[in-house]
Amino acid sequence: ASSTYTVTVTDVYGCVNTDTVKVIVAPALTVVASANASVCPGNSAPVSANAAGGNGGPYTYAWSPATGLANASAQSTTATPTVTTTYTVTVTDNCGSIAVMDSVTITVFPNAVISTTPSVTSGCAPLCVDFTGAANPAASTCFYDFGDQATSTDCNTQHCFSAAVTYTIIYTITDVNGCPSTITYPCII
């Protein structure tokens, strides 16, 4: 603990002198990393750490692994991992305090596997086709572009094609994790 020490000196003639010195013990160095986060593939999340104690700073921050980080030596940075990654931050000060560590995990959601199945792929005009959408993880929103300036936001829908031409279908979803995925079926109808 921080304390004040007093020394008293008496010489052979009986003269007395006193002096004091205050010894300040710095509190232990601590660090707290930001909360865990989840991102869609290709997206980023902020990561940060807050140090306290020791000599009061400046503090040195070192993140590991550095892969996917915008700046591995910053207090706050951006993580863009390709797979779920736990980033560990090590903090030191200029006082020689024992280094401290904390970590944050950035979970990368899986890419959705999506498809849509048409009930038929050819026929006489007008051709009405039922589309059945599928997604894993499940879709929370769906969007069809039928290639004839018509669209639908139903995951399972019917569309009637009036002209006798070939149509490319684009199926886009946002899954339950909030991640978008798109699949294109060229010349399927």
Checklist outcome for this item: Across the range 74-98, the tally of residues that are open to solvent by less than 50 Å² (accessible area, probe 1.4 Å), part of a loop (DSSP other than H, G, I, E, B), farther than 18 Å from Asn111 by Cα and not acidic (Asp, Glu) stands at 2
Item to check | Segments classed as strands (runs of 3 or more DSSP E), wholly inside the range 143-189, with at least 2 members that are modelled with pLDDT of 95 or more and open to solvent by 50 Å² or more (accessible area, probe 1.4 Å) | outcome: 156-161, 180-185
Item to check | Residue match in the range 54-64 (condition: under 29 Å from Val176 (Cα atoms) and either under 23 Å from the mean Cα position of the chain (by Cα) or modelled with pLDDT of 95 or more (or both)) | outcome: no
Checklist outcome for this item: Output for Cβ contacts, cut-off 8 Å, separation at least six or different chains, first residue surrounded by 12 or more Cβ atoms within 10 Å (Cβ to Cβ) in the range 114-139, second outside any strand (DSSP E or B) and among the aromatic types (Phe, Trp, Tyr), reads Pro137/Phe109
Checklist entry - Can you name every residue in the range 35-67 that is open to solvent by 30 Å² or more (accessible area, probe 1.4 Å), part of a loop (DSSP other than H, G, I, E, B) and of a type outside the set (A, V, I, L, M)? => result Asn36, Pro41, Gly42, Asn43, Ser44, Asn55, Gly56, Pro58, Tyr59, Pro65, Thr67
Item to check | Residue within the range 29-44 that is touching a Ser or Thr at 6+ places or on another chain (Cβ under 6 Å), under 25 Å from Ala112 (Cβ atoms) and in contact (Cβ under 8 Å) with a residue 40 or more places away in the chain present | outcome: yes
Next on the checklist: Can you find a residue that is among the β-branched types (Val, Ile, Thr) and closer than 15 Å to Ile183 by Cβ anywhere in the range 143-152?
Outcome noted: no
Checklist entry - Are there any pairs, at least 6 apart or on different chains, whose C-beta atoms fall under 6 Å, with the first in the range 155-170 and within 12 Å of Ser122 (Cβ to Cβ) and without any contact (Cβ under 8 Å) to a residue 60 or more places away in the chain and the second of a type in the set (Gly, Ala, Ser) and assigned to a loop (DSSP other than H, G, I, E, B), and if so, which? => result Ala164/Ala125; Tyr167/Gly147
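The values are calculated or read from the model by the stated rules, or taken from the named source; none is laboratory data. A quick note: this is a predicted structure, and the numbers were derived from the prediction, not measured. In this analysis, Cβ positions are derived from the backbone assuming ideal geometry, glycine residues included, and neighbour counts consider all displayed protein chains. All accessible areas refer to the heavy atoms of the entire protein, side chains included, with ligands and DNA or RNA removed. Shrake-Rupley method; radii C 1.70, N 1.55, O 1.52, S 1.80 Å.
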